[in-house]
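Every number in this text was worked out from the coordinates using simple rules, so none of it is lab data. Here the structure is a predicted model, which is why all the values come from computation and not from measurement. Methodologically, a virtual Cβ is constructed for each residue, glycine included, from the backbone with ideal geometry; neighbour enumeration extends over all protein chains shown.
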Amino acid sequence: MAISTSLYDFITDYLKKDTVSFHMPGHKGSKFYKRFGYHNFLERIMEFDISEIPGADNLFQAESIIRGVQEQYAMLYGCKRSYILINGSSAGNIAAVLASVNRGKQLLMARNSHKSVFNALTLGGIRPVYVHPEIVEEYGLSGAIPPSEIERLIIENPDVQAIMLTSPNYYGFCSDIKTIADIAHKYKKVLIVDEAHGAHLHFSNFLPPSAISSGADIVINSTHKTLGSFTQSAALHFNSELVDPYVLEDKLQCIQSTSPSYILMTSMEITAKILEQHGEILMKEWYDNLNMFYDRIQKIPGLRTTGKMEGIDWTKINLTMGELGFTGSELDKILIEDYNIYTELFTGDWLMALSGIGNNKEDYNWLADALEDISRKAISSGIKELKSKQKKAALTPPKQATMFEIPVEVKKVKLEDSEGMICGRSIIPYPPGIPLVCPGERIDADAITYIKALRELGERVIGISEFGEVIVGI
């Protein structure tokens, strides 16, 4: 695809290609809405772009039609209240933390949390206590949060008021939310779960249980990531006896736009209606298609996946062809250029294809055909040595940095010259959007090596300028 300086031209050119989406959003295009009769919405989408005219209700004081959508979600997910989010799960994460933790107190949070949680710390004057996910040694990917660590850290840190975890994580690994919820409530702590990547779990009987059914107080879902609503739409589910819902609503009003998109909110309502009326058959189709796909690709020489192991949301298709010499970046490029398949992210030798409720059988077969073809060509050309061997050795996440005061006065320096300095702006590989080094943390040699290795492999890193500079304290 030619490089374009126009957003409109780029997307227009992209749409001319016969592509297959294994990336967000979950609806995968207009075919999902058309299947269930919502042609009018698609054809008149500009006319759906209204504001709070009489009768259109108000997101921040929902009393009629918007309230109806929120009640619909509360019923679907089996919780006390649900709130529409038009600034994504990021808004829900921030509001949930601010409503649950007082200024100067502590949040026990997973170190692999989304950057929005770190933003909440800054906005609320909240001190973090980090808990680290286990590493799944067989794959070298971040896994679940150990419940025993949650209890230990609560006991050691009496100022902790809430716990914030991401489950499932970007690779689909789910924590034992039921056990963690029991621990949290034993000590009267609020459990917030960033379930942005698991909005579909509540409707499945073949995946790990949802956080809301496992006893979490507040759960945030990105309905656009795997279900049918439009990008930037999400939902916050409330089921707590420990948090005042009116305080939460006030925080949502602080964080969200006062000009909510009626297009986004309508897509939320349509998604809820489709789930109510067709959810069971859609989940069965998803299950059958995934089973068929995994059965096919497990026979491909040189390909490995995390598969359908216990405790993983296997709608996230993690795969590697490292044995055939491909990095995740190289495999991603081949899939785009030779097969018109776009996936969600890559890291090291792994690539993640994100399936959604809108993918059909043809999509899965297209991806399986492509992987079979890549394997066949690689083997016939005699590729045996892992091309990324040296780079892969450098891709070991750095140890937890020491937290200092966030610097007020900052300057730019070259990444290679930043060792020992205090980070002034988050350095974030994106996706998945998990800060590698946070403001107030010292940048060490391991972090620099890791960041340079990511960039050499073609991964995007936010917080580094086009000249290779980072922001540090003076």
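Numbers at a glance
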{"quantity": "Calculated P(r) tail over 18 Å for segment 396-473, as whole % of Cα pairs", "calculated": "29"}
{"quantity": "Where N is the number of residues in the chain, Cα Rg divided by 2.2 N^0.38 Å", "calculated": "0.98"}
{"quantity": "Local net charge near Lys316, Cβ-Cβ under 11 Å (Lys/Arg +1, Asp/Glu -1)", "calculated": "-1"}
{"quantity": "Neighbour-count ranking [beta-carbon atoms within 10 angstrom, fewest first] of Lys225, Lys28", "calculated": "Lys28, Lys225"}
{"quantity": "Chain lengthening between Lys412 and Glu156 when straightened (0.36 nm per residue, less Cα-Cα)", "calculated": "88.4 nm"}
{"quantity": "Additional length obtainable on full extension of the chain from Ala445 to Lys361, 0.36 nm per residue less Cα span", "calculated": "25.6 nm"}
{"quantity": "FRET efficiency, 1/(1 + (r/R0)^6) with R0 30 Å, evaluated for Ser30 and Asn58 via beta carbons", "calculated": "0.55"}
{"quantity": "Ordering of 342-349, 455-462 by packing [mean C-beta count within 10 Å, highest first]", "calculated": "342-349, 455-462"}
{"quantity": "Length added when fully stretched, Arg455-Tyr130, from 0.36 nm per residue minus Cα-Cα", "calculated": "114.4 nm"}
{"quantity": "Check: the chain dipole with +1 on Lys, Arg Cβ and -1 on Asp, Glu Cβ, in debye", "calculated": "340"}
{"quantity": "Span-like helix ranges in the chain, DSSP H, alpha carbon extent 24 angstrom or more, Kyte mean at least -1.0", "calculated": "262-297, 361-380"}
{"quantity": "Protection-proxy order for peptides 227-237, 412-422, each taking the mean of Cβ atoms within 10 Å per residue, highest first", "calculated": "227-237, 412-422"}
{"quantity": "Residues Lys361, Lys115, Lys16 arranged by fewest to most Cβ contacts within 10 Å", "calculated": "Lys16, Lys361, Lys115"}
{"quantity": "Förster radius 25 Å - calculated FRET efficiency between Asn340 and Ser6 (Cβ-Cβ, nearest 0.05)", "calculated": "0.70"}
{"quantity": "Antiparallel %, DSSP beta bridges [both residues in the chain], to 5", "calculated": "60"}
{"quantity": "Listed residue (Gly473, Ile86, Leu248) projecting farthest to the positive dipole end of the chain, Cβ model", "calculated": "Gly473"}
{"quantity": "12 Å beta-carbon shell around Leu290, net charge (K/R +1, D/E -1)", "calculated": "0"}
{"quantity": "Of Lys31/Lys273; Lys34/Lys316; Lys31/Lys225, pairs whose Cα-Cα distance is over 19 Å", "calculated": "Lys34/Lys316"}
{"quantity": "Within straight-line cross-link reach of Lys452, lysines at Cα separation under 25 Å, skipping those fewer than 8 residues along the same chain", "calculated": "Lys115, Lys333, Lys387, Lys389, Lys391, Lys392, Lys399, Lys411, Lys412, Lys414"}
{"quantity": "Likely footprinting exposure, Met352, Met292, Met268, fewest C-beta neighbours within 10 Å first", "calculated": "Met292, Met352, Met268"}
